[in-house]
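The values are calculated or read from the model by the stated rules, or taken from the named source; none is laboratory data. Because the structure is a prediction, the values reported are computed rather than measured. Cβ placement follows ideal geometry from the backbone for every residue including glycine, while neighbour counts extend to all protein chains displayed. Accessible surface areas use protein heavy atoms only, side chains included; no ligands, DNA or RNA. Shrake-Rupley method; radii C 1.70, N 1.55, O 1.52, S 1.80 Å.
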Amino acid sequence: MDEITKIVQQALEEIQNCENSSELNSVRVKYLGKKGIVTSLMKKLKELAPEERPIFGAAVNKAKNELLKKINEKLDELSQREKEKKYAAMAVDVTLPGARKDIGHFHILTQIQKELEDIFISMGFSVVEGPEVEDTWHNFDALNTPEWHPARDVQDSFYFTDKILLRTHTSPVQIRTMLNTQPPIAIISPGRVYRRDYDATHLPMFTQMEGLFVDKNVTVKHLKYCLEEMVTRVFGKDAKIRLKPSFFPFTEPSFEVDVWFGNDWLEILGAGMVDPNVFKSVGYDPEIWSGFAFGLGLERIAMVKYGIKDIRDFIRNDVKFLENY
Ligand code: DAH
């Protein structure tokens, strides 16, 4: 009986010292396995007097049950501890600063384009697009631009053939729109245009936005109102415009429009009242219909608004420049 007590004591100590479930399993096998120490005690029953056997047997069973109970308790404790360890290793520190990703933003010209689109859309205009590869009829003839006009010269434009070229302005979209719609018309048309030019203020490819408004009894007042609305929303409440007489083949009268911004008059666009010859070329009766048109350079607007001196900055893809806007 003393031996049983000793064995139990020893086993309890070993159970207590187990660090993990596999150590605990070894202890269980050592004492309670088929050839385990406690299991083997049963074999001693035969050596005992018959009246001692039940007492000894009961003591061994009691020892066995006690150890089993302790082992199970310890197993619970250890697996709980192991779970905690595992979860601690998986834990995320939500107070750490995140891994920041630069997601970029729209190019300055795209921003200006969207800004202008929003302004004109709010005045009831819709946005239309036209092809960058044009024919000379849409790009020039229909816009009352005669054969002798310098813009038609191969020196100034990019021709594929005698009759096909990269559009030199967005004005042909006026023609395309009027040919497939009836007035009233209120459209703007942003897009790329191409000319044989390259210096600090000219690029061979740049961006324009055309505007066309056609209805009955349209006057310069309507043109001026729309441009003032646009300019004060782009450049601020204090911005003013002035119209200077100018010439474009497709408008009569024609204007150059300056904006008062940063203590200076700066030219930002061309405009005018649609020339009757343009209406005739799309089959509109100029006695019934009247309209205004304008064309502005998006780079020019951005340069004036942000004081950008070199138009080539827009296409250099210098991140330091682009990040400023
Ligand atoms: N197409 C002209 C250019 O590229 C700009 C322009 C001027 C457009 C007057 C117009 C306009 O619609 O009415 O220089």
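Couple of notes before you dig in:
- Selection within the range 234-248 - closer than 30 Å to N180 by Cα and either at pLDDT below 95 or open to solvent by 50 Å² or more (accessible area, probe 1.4 Å) (or both): F247, F248
- For the range 232-265, a tally of residues being under 35 Å from the mean Cα position of the chain (by Cα) and more than 16 Å from the ligand (Cβ to nearest atom) returns 12.
- Single residue of the range 162-181 satisfying the filter (in a loop (DSSP other than H, G, I, E, B) and more than 10 Å from the ligand (Cβ to nearest atom)) that is least open to solvent (accessible area, probe 1.4 Å): T181
- Within the set E210, E134, the sole residue that is within 12 Å of the ligand (Cβ to nearest atom), acidic (D, E), closer than 21 Å to S281 by Cβ and assigned by TED's automatic domain parsing to the domain that holds G295 turns out to be E210.
- The single residue among V257, V304, V218, V231 that is closer than 19 Å to V127 by Cα and surrounded by 18 or more Cβ atoms within 10 Å (Cβ to Cβ) turns out to be V231.
- Taking the numbered list (1) touching a residue at least 12 places away in the same chain (Cβ under 8 Å); (2) open to solvent by 40 Å² or more (accessible area, probe 1.4 Å); (3) closer than 24 Å to K216 by Cβ in turn, W265 passes all entries but (3).
- Residue check, I119 closer than 20 Å to G270 by Cα, among the aliphatic types (A, V, I, L, M), surrounded by 14 or more Cβ atoms within 10 Å (Cβ to Cβ) and away from the ligand (no atom under 16 Å from the Cβ): yes
- Among the residues of the range 260-302, those identified as in a helix (DSSP H, G or I) and within 21 Å of C226 (Cα to Cα) are L298, E299, R300, I301, A302.
- Taking the criterion of being open to solvent by less than 70 Å² (accessible area, probe 1.4 Å), free of Cβ contacts under 8 Å to residues at least 40 places away in the same chain and in a helix (DSSP H, G or I), the residues of the range 27-45 that qualify are Y31, L32, I37, V38, T39, S40, L41, M42, L45.
- Counting only helices (runs of 4 or more DSSP H) that sit completely within the range 46-159, those holding 2 or more residues that are farther than 30 Å from V278 by Cβ correspond to 53-90, 108-122.
- Filter result for L212 (open to solvent by less than 60 Å² (accessible area, probe 1.4 Å) and in contact (Cβ under 8 Å) with a residue 60 or more places away in the chain): yes
- Residues in the range 134-161 that are more than 16 Å from Q208 (Cβ to Cβ) and surrounded by fewer than 23 Cβ atoms within 10 Å (Cβ to Cβ): 17 in all.
- Residues that are touching a helix residue (DSSP H, G or I) at 6+ places or on another chain (Cβ under 9 Å) and not in a helix (DSSP H, G or I) within the range 223-245 comprise D238, A239, K240, I241, L243, listed in sequence order.
- The lone exception for L203 - which of (1) away from the ligand (no atom under 12 Å from the Cβ); (2) within 20 Å of F120 (Cβ to Cβ) it fails: (2)
- The residues listed here are P184, P190; of these, the one that is out of contact with any His (no Cβ under 9 Å at 6 or more places or on another chain), more than 12 Å from the ligand (Cβ to nearest atom) and open to solvent by 20 Å² or more (accessible area, probe 1.4 Å) is P184.
- From the options K83, K114, residue that is surrounded by 10 or more Cβ atoms within 10 Å (Cβ to Cβ) and assigned by TED's automatic domain parsing to the domain that holds A293: K114
- Count of the range 268-300 residues which are within 13 Å of the ligand (Cβ to nearest atom) and either among the acidic types (D, E) or open to solvent by less than 40 Å² (accessible area, probe 1.4 Å) (or both): 18
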